[in-house]
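Please read the structure below before turning to the comments.
The values are calculated or read from the model by the stated rules, or taken from the named source; none is laboratory data. All values derive from a computational prediction rather than experimental measurement. All Cβ positions, even for glycine, are placed from backbone atoms using ideal geometry, and neighbour counts span all protein chains on display.
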Amino acid sequence: MKFLERFEDWIERNAQNRAFVAATKDNFQSRLSQEERRIIHERRAEARKLAFIHNNEEALDYAKKTLILISDQYRPELLFDDGEFFGFKPQFSTLGFFKRKGCFLATWRDDAGDLASDIIDSTCDGVGLDQRVIILSLQREQSAVSKKKALPARKMNRILGYGMLDGKKKGDRGVDIVKYYGFRKQIESAARGYIKLAKGFKKDTPISVNWKKAIVTPRNAPTWAYYRYTPHIHAGKMSYLIGRSYFGF
């Protein structure tokens, strides 16, 4: 059976989530809003394209995971709950997660000999941040979690994009603040930055995104922090998708 046919067959056979199965059909349920229908249609198309163009098992698996997310009814104003942002999670193994993903960070050490996972865990524990926030940010900014080989030094120095300021408009190079270069500095600065931004949450206050061409009004502190960290709707959506795919947020 062709990959695309297998993919469509999988849609019909998946009975774990009735809302998911109903949502993936072409005639969407009437209870879904117009915006939710648009998002579902968009993700279904993206997932089908992945399964069709990239004719391999890995792509098919990724397409399935992508499509599963449509039942979560993505909303840009509410990306994550407080429990998915605040508080270090000692029961979660950052090292174990990197190993399961086959990520180079499972064995990568800095110049002091410290493992990447230890740097992440100790930093997040110290500031009261869920370490999974940093992990999904690593994937969002540099696709680092899905890399099996180490990134070049230039990307490692900027791995979380902290201190890498956007230009005034799309296409501008922006500015790098050199004092934030380095893996440890990026992790520590980003973790503290997320917490500081979240504490500055202002209810019912819109944030300008996409080079001030759009606005979003976060409904909670985590969502506020994500958009203040990276002021782009697409970045918020990527964070949401990665969080759902990796951790089931």
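Structural remarks
- All positions within the range 128-161 that are surrounded by fewer than 16 Cβ atoms within 10 Å (Cβ to Cβ) and in contact with a Gly (Cβ under 7 Å, 6 or more places away or on another chain): GLY128, LYS148
- Annotation for the range 179-201: at least one member residue is among the acidic types (Asp, Glu) and assigned by TED's automatic domain parsing to the domain that holds SER122.
- Of the residues examined, THR205 is one that is of a type in the set (S, T, N, Q), over 14 Å from ILE134 (Cβ atoms) and not in a helix (DSSP H, G or I).
- Filter result for ALA214 (within 27 Å of ARG75 (Cα to Cα), over 19 Å from the mean Cα position of the chain (by Cα), of a type outside the set (Asp, Glu) and at pLDDT below 90): yes
- Residue match in the range 109-127 (condition: in contact with a strand residue (DSSP E or B) (Cβ under 7 Å, 6 or more places away or on another chain), surrounded by fewer than 21 Cβ atoms within 10 Å (Cβ to Cβ), in contact (Cβ under 8 Å) with a residue 60 or more places away in the chain and outside any helix (DSSP H, G or I)): no
- Checked against (1) over 16 Å from GLN131 (Cα atoms); (2) within 20 Å of the chain's Cα centre (by Cα); (3) modelled with pLDDT of 90 or more; (4) not basic (Lys, Arg), TYR226 passes all but condition (1).
- Output for the range 195-219, where each listed residue is touching a strand residue (DSSP E or B) at 6+ places or on another chain (Cβ under 7 Å) and either under 17 Å from LEU138 (Cα atoms) or surrounded by 14 or more Cβ atoms within 10 Å (Cβ to Cβ) (or both): ILE195, ILE207, VAL209, VAL216, PRO218
- Evaluation of THR94 against (1) surrounded by fewer than 20 Cβ atoms within 10 Å (Cβ to Cβ); (2) touching a residue at least 40 places away in the same chain (Cβ under 8 Å) (one fails), failing number: (1)
- Residue tally, condition surrounded by 16 or more Cβ atoms within 10 Å (Cβ to Cβ), touching a residue at least 40 places away in the same chain (Cβ under 8 Å) and either of a type in the set (D, E, K, R) or part of a strand (DSSP E or B) (or both), over the range 220-249: 1
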